[in-house]
Each structure stands twice: as C-alpha cells, then as structure tokens.
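As structure tokens, the structure follows; a few thoughts come after it.
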Amino acid sequence: MAIKRTKPEEIVVKLRQVEVLMGQGMPRMDAIRQISVTEQTYYCWKKK
C-alpha cells in the first residue's frame, strides 16, 4: 500500500481547524485527535 502524502493546502486547512477548535475551548490534544493526525505530525507541520 502506498504512503499518502498530504498536500500543503490540506495541511494549512487542518492547522486552521486545530486553531478554531482550540479557540472554542477544546484542549490542544483533543483538537489534534479531531483532525486525525498524530501529535508528532502536527508539530512537524506547525514547524514548517
């Protein structure tokens, strides 16, 4: 099975979703789980 590469546009959308969820009072870890990525992936994306 091939590895799925997330496109940069999709990464931006998911990072914004986390920000919105956190703005609504959801804890960061729950927001990251909500977008279906790991904590490591989230921080790697955010660093870029």
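Each reported figure results from applying straightforward, stated rules to the coordinates on display, with no laboratory input. All figures in this text were calculated on a predicted structure; none of them were measured in a lab. Ideal geometry is used to build each Cβ from the backbone, glycine not excepted, and the neighbour counts take in all protein chains shown.
A few notes on this one:
- Test: residue in segment 3-20 that is on the phi > 0 side of the Ramachandran plot, out of contact with any His (no Cβ under 9 Å at 6 or more places or on another chain), assigned to a loop (DSSP other than H, G, I, E, B) and not aliphatic (A, V, I, L, M): no
- Count of residues meeting criterion [surrounded by fewer than 11 Cβ atoms within 10 Å (Cβ to Cβ) and polar (S, T, N, Q)] in segment 30-48: 3
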